[in-house]
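Take a look at the structure below.
The values are calculated or read from the model by the stated rules, or taken from the named source; none is laboratory data. Predicted, not measured: the structure shown is a model, and the values here were computed from it. Because the Cβ atoms are built from the backbone with ideal geometry, glycine has one as well, and the counts that use them run over all protein chains shown. What goes into the accessible areas is simple: the full protein's heavy atoms, side chains included, and nothing from ligands, DNA or RNA. Shrake-Rupley method; radii C 1.70, N 1.55, O 1.52, S 1.80 Å.
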Amino acid sequence: MEVENRYLTVKHHIHGLPSRLDFELRSAPLTLTIPPGSEDVIVKNLFVSIDPYQINRMKVHNSSQKTADFARQLHPGQRIDSFGVGRVVASGNAEFKKDELVVGLLGWEEYTAVRPGTMLTKIDSNMDFPLSYHVSILGSSGLTAYAGFYEVCDPKEGEKVFVSAACGSVGHLVGQFAKQSGCYVVGCAGSKKKEKLGFDDAFNYKEETDLRSALKRYFPDGIDIYFDNVGAEMLEAAVANMNAFGRVALCGAISQYTDAGKQAAPDMLDIIYKRITIRGFLAYDHLSIYHDFVSATSDHIRHGRMQSLEDVSHGLESVPSAFAGLFRGDNVGKKLVQLADI
């Protein structure tokens, strides 16, 4: 059986803010059978992740492009791979059978031919959660939040935690993990409409003329942990308000993804004399704790201690607008696109 497989690509390298007009919908024939001897797995994609870091892959040059395979540069006309969930339609790999649900590196396309060695895992049929959870709270966003908070920040009960982009795909989970650990948590977002999600407090950074003073107001006794998704002025303000031996986990810097002029310049004397630890990290550095993360997070979900916020659009055609919306702050929670019915 042969289908016309529709996929998205960028028309050109992107400078500044992305627009839906930067993308093109194409199609190519795909045979839904596996030739003898091949170990490929063909997956019909059901949900795909929409993530801000992808913009760095679409630029003419970005320092991140040479750091990891999943961050490598995308060229105009090239298919865009992305984390997602799908159903196996054909398999030459004995580990995967037809109709099994899988999660892994798929793409902004209707079908993906997954080559041997590509990240792909069967979804445990005993896990009674919405399928989308495997791309959000139980996927890379959840692992980023869990590993960054527990492995990088090493929290202690009663500590004071600040989370930027607190209603984003990672931030809203970090805050919930922090509350489960007995911490005091304040988040910031770009809209009054975005929820606290159980945080002790939250504020709209767009309404603040002085971020340092704002953080002093919310943290009169200082910040012990800052989980950074933003960079630039927000990082500078957080460092200025941190306590001795504070920890900063750098998971993203969305403020500079579309504006190279926005560079963080925290006070180095603060970092030295307060003995602050600032560490960048990737979820993929912590795959060794994946099973612990899934077990702990699943337990929180089942007992109503955590929730997953998901912002879902529908249809492959909606992916470019969904992606552009990330940089306007349109999403609340994890941004996903559902490509097909389950």
Response to the item:
Of every hundred units of 1.4 Å-probe accessible area on segment 1-40, the number belonging to carbon and sulfur atoms, as a percent, is 52 percent
Fill in: Per-bin percent of Cα-Cα distances, segment 190-342 [10 Å]
9, 28, 37, 21, 4, 0
Worksheet, complete the sentence: Long-range amide H partners of PHE203, meaning residues 5 or more apart or on another chain whose placed amide H is closer than 5 Å, are GLY187, CYS188, ALA189
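What is the Cα convex hull volume of segment 1-144 when expressed per residue in Å³?
Details: hull volume 17.8 nm³, N = 144.
Hull volume normalised by residue count: 123 Å³.
Report, as a whole number in µm² per second, the diffusion coefficient that Stokes-Einstein gives for the chain at 37 °C and 0.692 mPa s using the Kirkwood radius over alpha carbon pairs.
Here the translational diffusion coefficient equals 157 µm²/s.
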Worksheet item: segment 274-312: which trypsin sites (Lys or Arg not before Pro) are DSSP loop and have at most 14 other beta-carbon atoms within 10 angstrom?
Response: ARG275, ARG305
Discussion item. I need the phi-derived Karplus couplings for segment 307-319: 6.51 cos²θ - 1.76 cosθ + 1.60, θ = phi - 60°, integer Hz, Gly and Pro marked x.
Written reply: 9, 10, 8, 10, 10, 10, 9, 10, x, 4, 4, 7, 4
Fill in: CD proxy at 222 nm, helix term only [per DSSP H run n ≥ 4: -39500 (n - 2.57); per residue of the chain; nearest 500]
-5500 deg cm²/dmol
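Give me the accessible area per residue for the chain, probe 1.4 Å, as a whole number in Å².
Details: 15460 Å² over 342 residues.
That works out to 45 Å² for each residue.
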Worksheet item: Could you give me the ³J(HN,Hα) list for segment 53-64, computed from phi with Karplus coefficients 6.51, -1.76, 1.60 and θ = phi - 60°, whole Hz, x at Gly and Pro?
Response: 4, 4, 4, 5, 6, 8, 8, 4, 8, 8, 4, 6
Worksheet item: Can you give me the relative contact order of segment 147-223 as a percent, contacts being Cα pairs under 8 Å and 6 or more apart?
Response: 27 percent
Practice prompt. May I have the pair-distance distribution P(r) for segment 226-272, computed from all Cα-Cα distances with 5 Å bins from 0 and rounded to whole percent?
Written response: 5, 24, 31, 23, 11, 5, 1
Worksheet item: What relative contact order, as a whole-number percentage, does the chain give when Cα pairs under 8 Å and 6 or more residues apart are counted?
Response: 18 percent
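Within the set LYS59/LYS122; LYS216/LYS274; LYS44/LYS66; LYS160/LYS216; LYS44/LYS98, which residue pairs have Cα atoms separated by over 21 Å? The partial results should precede the final answer.
Details: LYS59/LYS122 33 Å; LYS216/LYS274 16 Å; LYS44/LYS66 30 Å; LYS160/LYS216 12 Å; LYS44/LYS98 11 Å.
Listed pairs above 21 Å: LYS59/LYS122; LYS44/LYS66.
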Worksheet item: Considering segment 143-253, what Rg and Dmax in Å follow from its alpha-carbon atoms?
Response: 12.1, 34
Worksheet item: Relative contact order (percent) for segment 140-284, with alpha-carbon contacts under 8 angstrom and 6 or more residues of separation?
Response: 23 percent
Response to the item:
Listed by chain and number, the aspartates and glutamates with an alpha carbon less than 14 angstrom from that of LYS335, same-chain partners under 8 positions apart left out, are ASP51, GLU310, ASP311
Practice prompt. For SER82, enumerate residues with amide H under 5 Å from its amide H, sequence gap 5+ or separate chain, H modeled in the peptide plane.
Written response: LEU106, GLY107, TRP108
